[in-house]
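Notes for the one structure printed next.
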Amino acid sequence: RMIKKTGAKYIQRALCPWPPTIKEEQRYPQMKAVMDELHEFDEDIIFEACIFEIVSATVNDIPIPAFVFEAFGLQPEERNFSLDAMLFDYDLFRNQWGSGAHVPDITKKEAQMFFYYRACRLIDAGFEALHLGQTGLIGKFDVANRWWSEVIYRIRDYAAKHARRHYVVLNSHWSMHNFVGTDGRTLQDFNAYPCRAFACADETDHEVSEDNPQ
């Protein structure tokens, strides 16, 4: 009702799991049904999903489809994603977001495959925009954005073939100052950072009402 009444065109962070789980993916049909309904009302609305800078042991429950191996020139095999294979060396950024919640390293092939996999699944679910979180943190050792380039170009290529309108809008926050690809073009369409709202210094807790918000 809110989207229809306000005329919103870009629904940011419509899906923002932290961290990703197989249960999240089970919600995709339900999310797509909502998006389909709203697209009947206004076909121009863009819904954004998030692929944040966090992975945990839950990724070990997610099988890797053959098309992901093939996209990276690898022979398909029957296995799940491996958390250990997508983390930084020397315990860097381990438990960054609490016990068992780590930052993935985009220079690791497993992390590249995981970002690509999630992007493709979200595009298939009907999302036309993706927020990639703290790309600078994930790409701490990604010299000249080589690996981010490979992942993002693959994502855009998949969207060109499979997305609802054959494109995907990409953004992130805390990116490198020159977040450009190996071909010299920018890797994201815009930079986005969440608004952090705080109460005024002299504010006191009170019951919220229409004319007296917190």
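The values are calculated or read from the model by the stated rules, or taken from the named source; none is laboratory data. The shown structure was predicted, so the numbers you read here are calculated from the model rather than taken from an experiment. Methodologically, a virtual Cβ is constructed for each residue, glycine included, from the backbone with ideal geometry; neighbour enumeration extends over all protein chains shown. These area figures cover heavy atoms from the full protein model, side chains too; ligands, DNA and RNA do not enter into them. Shrake-Rupley method; radii C 1.70, N 1.55, O 1.52, S 1.80 Å.
The distance from the alpha carbon centre of region 54-97 to that of region 191-214 is 39 Å, rounded to a whole number. In order along region 33-43, phi translates into HN-Hα couplings of 4, 5, 5, 4, 4, 6, 6, 5, 6, 8, 6 Hz, rounded to whole numbers, per the Karplus curve 6.51 cos²θ - 1.76 cosθ + 1.60 with θ = phi - 60° and x for Gly and Pro. Globularity index of region 35-82 is 1.71 (Cα radius of gyration / 2.2 N^0.38 Å, N = number of residues).
Compared with the dominant principal axis of the Cα atoms in the chain, helix 146-162 is inclined by about 70°. Orientation-averaged projection of region 42-112 equals 6.7 nm² [convex hull of Cα atoms, one quarter of hull surface area].
Here region 99-191 is assigned +1 on the Cβ of each Lys and Arg and -1 on the Cβ of each Asp and Glu. Its dipole about the Cα centre then comes out at about 160 debye. Counting only the Cα atoms, region 147-214 fills a convex hull of 166 Å³ per residue.
A 1.4 Å probe over all protein chains sorts TRP18, TRP97, TRP148 by accessible area into TRP18, TRP97, TRP148, starting with the largest. When the chain is treated as a GNM with alpha-carbon contacts under 10 Å, the residue of GLU203, GLU150, GLU48 showing the greatest mean-square fluctuation is GLU203.
Taking the Cα atoms of region 108-198, the ratio Rg/Rh between the radius of gyration and the Kirkwood radius comes to 0.97.
Here is the P(r) of region 1-131: all C-alpha pair distances, binned every 5 Å from 0, give 2, 10, 19, 20, 17, 13, 9, 6, 3, 1, 0 in whole percents.
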